There are 2 protein chains.
Amino acid sequence: MRSVVRDKEATKGKLLEAGLDEFAEYGIAGARVDRIAAKAGCNKAMIYAYFGSKEGLFEELLKIQIDRMIQSVPITPDDLPGYAGRLFDSYQEQPQILRLAAYHRLENGFDVVPEAEAEAYRHKVEAVAKAQMEGKLTAAFDALELLDLVVHMSILAFSTPNATRALVEKAVRRLIAE
Amino acid sequence: MRSVVRDKEATKGKLLEAGLDEFAEYGIAGARVDRIAAKAGCNKAMIYAYFGSKEGLFEELLKIQIDRMIQSVPITPDDLPGYAGRLFDSYQEQPQILRLAAYHRLENGFDVVPEAEAEAYRHKVEAVAKAQMEGKLTAAFDALELLDLVVHMSILAFSTPNATRALVEKAVRRLIAE
DNA sequence: TAGAAGCAACTAACTAGTTGGTTGACACGC
DNA sequence: GCGTGTCAACCAACTAGTTAGTTGCTTCTA
């Protein structure tokens with residue numbers, strides 16, 4: 001039987017969960033390893049044993065969250081308003097991811113994008129381009145431009161507290177109108 | 001004649017300038033008062049004499065930068081694409097403001113908006129509403145929604161390195177198309 | 001019983017903020 | 001033109017608390 005008291009994966013999971021809360025709330029520089037350890041209910045030495053450093057924990061955390069987001073919101077090139085709306089909803093449900101990504105971008109710029117994310121993005125651009133070639137989608141924008149615009153619209157809540165899913169969908173509908 | 005060596009306003013100015021660089025690069029939690037003082041070429045006690053605290057310096061700094069931005073980019077309700085484009089250009093010229101604002105929003109939420117900014121925003125909403133009533137602007141969105149969308153579009157560079165002024169203008173043109 | 005999991009206690013470095021005293025500019029009387 | 005009292009501007013050095021990261025030892029499980 002699997003140990004419940006001493007379980008490496010369970011401990012890592014608890015640290016990742018506690019780190020998510022902490023980093024989302026305070027950012028990378030503002031996060032405190034002692035608070036993370038306390039929230040996870042284990043010693044902070046575990047952070048260094050399993051993730052090497054505070055930044056190591058953050059990177060792994062971000063990667064997992066981005067993967068989860070990519071998995072849970074697949075692109076629908078022939079329904080970009082719906083895609084933007086679903087992204088918007090995901091961010092509303094888990095605002096931590098948006099905050100994590102924002103802090104990461106502010107501290108690292110665009111250069112340090114996890115390869116998994118870049119790869120997924122390339123696939124999405126291709127999907128958009130395909131839909132454009134098939135005439136299902138406006139050719140008014142390059143595929144990359146269009147995807148950038150749609151993704152940007154989905155984070156409208158970053159700019160205003162008045163953002164709603166309906167507004168995001170409506171805006172994207174107008175962006176791609178023929 | 002005014003002293004050049006001991007000049008309160010000049011020292012405050014140097015601290016504000018040094019703080020702008022520091023806070024834009026490292027955020028509020030990541031900024032170091034010793035570095036700010038060193039960059040400004042004066043003692044860090046001056047920060048506490050003139051601004052009360054690290055946060056005090058940040059708040060004053062942000063207010064000044066926002067005022068400057070509001071002054072330098074007036075809204076043109078009958079040319080929203082141009083307005084978004086000019087905002088975009090301003091952010092490109094002074095990326096620090098966007099970073100400052102982003103850090104501030106991440107650490108304080110939407111609640112703590114400087115009154116000057118809120119007031120200027122209300123004026124802009126009214127200007128948009130007026131243009132809508134005069135039939136110069138689409139009535140497809142509420143005035144507030146529309147302004148939120150346009151302002152959000154202008155920070156496209158926050159989402160993608162591929163952002164250009166032309167793209168921002170084009171997107172806004174489509175948003176407000178009849 | 002070997003080895004992995006876990007932690008209390010520690011360290012060395014750093015950090016925001018303070019303090020007591022110094023320095024330069026200038027007004028004023030002579 | 002010159003001493004001089006005053007005060008704002010300024011700073012080196014300090015404090016008290018915090019921080020990321022480490023280590024040597026204990027505990028649990030297969």
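The values are calculated or read from the model by the stated rules, or taken from the named source; none is laboratory data. A quick note: this is a predicted structure, and the numbers were derived from the prediction, not measured. Cβ coordinates were reconstructed from backbone atoms using ideal geometry, including for glycine residues, and neighbour counts include every protein chain displayed. Side chains are part of the model used for accessible areas, which takes the heavy atoms of the whole protein and leaves out ligands, DNA and RNA. Shrake-Rupley method; radii C 1.70, N 1.55, O 1.52, S 1.80 Å.
Please give the calculated 222 nm ellipticity per residue for chain A, where each DSSP H segment of at least 4 residues contributes -39500 (n - 2.57) and the sum is spread over every residue; nearest 500 deg cm²/dmol?
Counting only the DSSP helices, I get -23000 deg cm²/dmol.
Both the radius of gyration and Dmax for the stretch B:76-139 are 14.2, 40 Å, in that order, over alpha-carbon atoms. Of all lysines in the structure, the ones whose alpha carbon falls short of 30 Å from that of residue B:130, not counting any fewer than 8 places away in one chain, are A:170, B:63, B:170.
Run the numbers for residue A:10 and residue A:64: contour at 0.36 nm per residue of separation, minus the present Cα-Cα distance, in nm. Intermediate values should be presented prior to the final figure.
Working: separation 54, 0.36 × 54 = 19.44 nm, distance 1.53 nm.
Result: 17.9 nm gained on full extension.
Subtracting the Cα-Cα distance of residue A:39 and residue A:142 from their residue separation scaled by 0.36 nm leaves 32.5 nm. For chain B, a Gaussian network of Cα nodes joined below 10 Å ranks B:154, B:90, B:72 by mean-square fluctuation, and the top entry is B:72. Taken over the C-alpha atoms, the protein assembly as shown has Rg and Dmax values of 22.6, 85 angstrom.
Averaged over its residues, the protein assembly as shown has an accessible area of 50 Å² per residue, based on protein heavy atoms and a 1.4 Å probe. Rg over Rh for the stretch B:115-178 works out to 1.01, using Cα positions for both radii and the Kirkwood form for Rh.
Tilt of helix A:95-108 relative to the longest C-alpha principal axis of chain A, in degrees (0 to 90, nearest 10)? Roughly 90 degrees between the two axes. For the pair the stretch B:54-78 / the stretch A:37-100, the C-alpha centres are spaced 32 Å from each other.
Only aspartates and glutamates eight or more places from residue B:12 in sequence, or on another chain, were considered; those with a Cα closer than 13 Å are B:60.
Place a +1 charge on the Cβ of each Lys and Arg in the stretch A:47-154 and a -1 charge on the Cβ of each Asp and Glu, then give the dipole magnitude about the Cα centre in debye, rounded to the nearest 20.
It works out to roughly 200 debye.
Residue A:134 label point (Cα plus 7 Å toward Cβ) to equivalent points in the other copies: 4.7 nm, shortest first.
For the protein assembly as shown, build the charge dipole from Cβ charges (+1 Lys, Arg; -1 Asp, Glu) around the Cα centre, then report which of A:100, B:171, B:158 sits farthest towards its positive end. My answer, from the dipole projection, is A:100.
Go ahead and collect, in residue order, the members of the stretch A:57-74 whose backbone nitrogen is under 16 Å from a label point 7 Å along the Cα-Cβ direction of residue A:130. Residues A:74 qualify, since their backbone N sits under 16 Å from the label point.
Taking every residue in B:150-162 and counting other chain Cβ atoms within 10 Å of its Cβ, the average works out to 5. Taking the 1.4 Å solvent-accessible surface of chain A as the whole, the part contributed by carbon and sulfur is 52%. Once the Cα atoms of helix B:115-133 and of chain B are each reduced to a long axis, what angle between those two axes, in degrees from 0 to 90 to the nearest 10, is obtained? That works out to roughly 10 degrees.
Peptide B:166-175 has a mean of 4 when you count, residue by residue, the C-beta atoms of other protein chains within 10 Å of its C-beta. In the stretch A:69-178, the alpha-carbon atoms span a convex hull of 98 Å³ per residue. The two copies B and A are related by a rotation, and the chain B beta carbon nearest its axis, with distance in whole angstrom, is B:29, 2. Axis angle, to the nearest 10 degrees, between helix B:143-154 and the longest C-alpha principal axis of chain B: 60 degrees. Counting from the shortest, the label point at residue A:112, 7 Å from Cα toward Cβ, is 2.5 nm from the same position in each remaining copy.
Plainly put, the tip 7 Å out from Cα toward Cβ on residue A:53 is 3.0 nm from that tip on each other copy, the closest given first.
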